[in-house]
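Visitor: Before anything else, here's the structure in question.
The values are calculated or read from the model by the stated rules, or taken from the named source; none is laboratory data. Please read all numbers here as calculations on a predicted model, not as lab measurements. Glycine also receives a Cβ, built like all others from the backbone with ideal geometry; neighbour counts cover every protein chain displayed.
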Amino acid sequence: MKKLKISIFIILLLVILPGEAYLQGSMQQSDKELFVESGQVKVKVLVASAQESQPCKAASSWRWGAENTCPKTFISALEIKVGGKSIFVPISAFADLGNPRTVRIEPCKEKNCFVVVVVGGDAATSYSVRLEFKNNLLIKRIVRHGEFPKESWEETIYKFKVTGN
């Protein structure tokens, strides 16, 4: 798989303790959410069910968590708050992640840094995505195939120019 780099840039602050959450809420064909909280960091992953009546645009393209078919569920939104303040997360960080199962927060070795990890898919379609935040900004996304993490992966670098008001 090709290594993908995209330039953008943004902000974050805090060192936190690890936390983990699993699918919560109704297991019906309605929206679900994954939620985890660690220190001042709160992460909510909104998981939507795919509508079978709508054509699947992703079946012929690469989508993590599904292969040559549409995923049954997908991430419709990713909300992150640090100390009650919402952090910007571009749609490109989660739009291609299907069938998410768990989310957790991991601390970084550096100050003012944390990583949100989402695991999804199953067996041959499994994946793990690491979203690294520093100074309240998404700086890197790495998605790795669950069975072949060294051979099949994708990396995106985000860089944002932050200006004052």
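Visitor: Go through (1) at pLDDT 95 or above; (2) buried (at least 19 other Cβ atoms within 10 Å of the Cβ) one by one and return the number of the condition R130 breaks.
Guide: (2)
Visitor: Filter segment 114-127 down to the residues that are crowded, with 21+ Cβ neighbours inside 10 Å and out of contact with any His (no Cβ under 7 Å at 6 or more places or on another chain) and list them by number. If you could, list the steps in order and put the result at the bottom.
Guide: If we filter segment 114-127 for residues that are crowded, with 21+ Cβ neighbours inside 10 Å, which is where we start, we get 114, 116, 118, 120-121, 127.
Scanning segment 114-127 gives F114, V116, V118, G120, G121.
Visitor: Failed condition for I157, given (1) modelled with pLDDT of 95 or more; (2) closer than 19 Å to E79 by Cα, with all others met?
Guide: Looking at each condition in turn, I157 falls short on (2).
Visitor: How about segment 126-150: which of its residues are in contact with a helix residue (DSSP H, G or I) (Cβ under 7 Å, 6 or more places away or on another chain) and touching a residue at least 40 places away in the same chain (Cβ under 8 Å)?
Guide: If we filter segment 126-150 for residues that are in contact with a helix residue (DSSP H, G or I) (Cβ under 7 Å, 6 or more places away or on another chain), which is where we start, we get 131, 138, 141, 147.
Once the filter is applied, which keeps residues that are in contact with a helix residue (DSSP H, G or I) (Cβ under 7 Å, 6 or more places away or on another chain) and touching a residue at least 40 places away in the same chain (Cβ under 8 Å), segment 126-150 yields L131, L138, R141.
Visitor: Report yes if T69 is over 17 Å from S49 (Cα atoms), of a type in the set (S, T, Y) and assigned to a loop (DSSP other than H, G, I, E, B), otherwise no. Can you show your working first?
Guide: On the way: over 17 Å from S49 (Cα atoms): no; of a type in the set (S, T, Y): yes; assigned to a loop (DSSP other than H, G, I, E, B): yes.
For T69, the condition - over 17 Å from S49 (Cα atoms), of a type in the set (S, T, Y) and assigned to a loop (DSSP other than H, G, I, E, B) - is not met.
Visitor: State yes or no: is D31 modelled with pLDDT of 80 or more and either surrounded by 12 or more Cβ atoms within 10 Å (Cβ to Cβ) or farther than 18 Å from I139 by Cα (or both)? Spell out how you get there, then give the answer.
Guide: Values: modelled with pLDDT of 80 or more: no; either surrounded by 12 or more Cβ atoms within 10 Å (Cβ to Cβ) or farther than 18 Å from I139 by Cα (or both): yes.
In short, no.
Visitor: On to the next question. Could you tell me which residue of segment 39-66 is modelled with the lowest pLDDT, considering only residues that are touching an Asp or Glu at 6+ places or on another chain (Cβ under 7 Å) and basic (K, R)?
Guide: Filtering first and then ranking leaves R63.
Visitor: Could you check A124 against (1) among the aliphatic types (A, V, I, L, M); (2) more than 19 Å from K44 (Cα to Cα); (3) under 11 Å from the mean Cα position of the chain (by Cα) and say which number it fails?
Guide: (3)
Visitor: If you take the residues of segment 68-81 that are touching a Gly at 6+ places or on another chain (Cβ under 9 Å) and surrounded by fewer than 21 Cβ atoms within 10 Å (Cβ to Cβ), which of them is nearest to V115 (Cα to Cα)?
Guide: Residues of segment 68-81 that are touching a Gly at 6+ places or on another chain (Cβ under 9 Å), as a first pass: 70-75.
Narrowing further to those that are surrounded by fewer than 21 Cβ atoms within 10 Å (Cβ to Cβ): 70, 72.
Numbers: C70: 27, K72: 26 Å.
Filtering first and then ranking leaves K72.
Visitor: Would you tally the residues in segment 132-165 being in a strand (DSSP E or B) and of a type outside the set (V, I, T)? Can you show your working first?
Guide: Step one: of segment 132-165, the residues in a strand (DSSP E or B) are 132-134, 136-145, 153-157.
Among the residues that remain, those that are also of a type outside the set (V, I, T) are: 132-134, 136-138, 140-141, 144-145, 153-155.
Here the count works out to 13.
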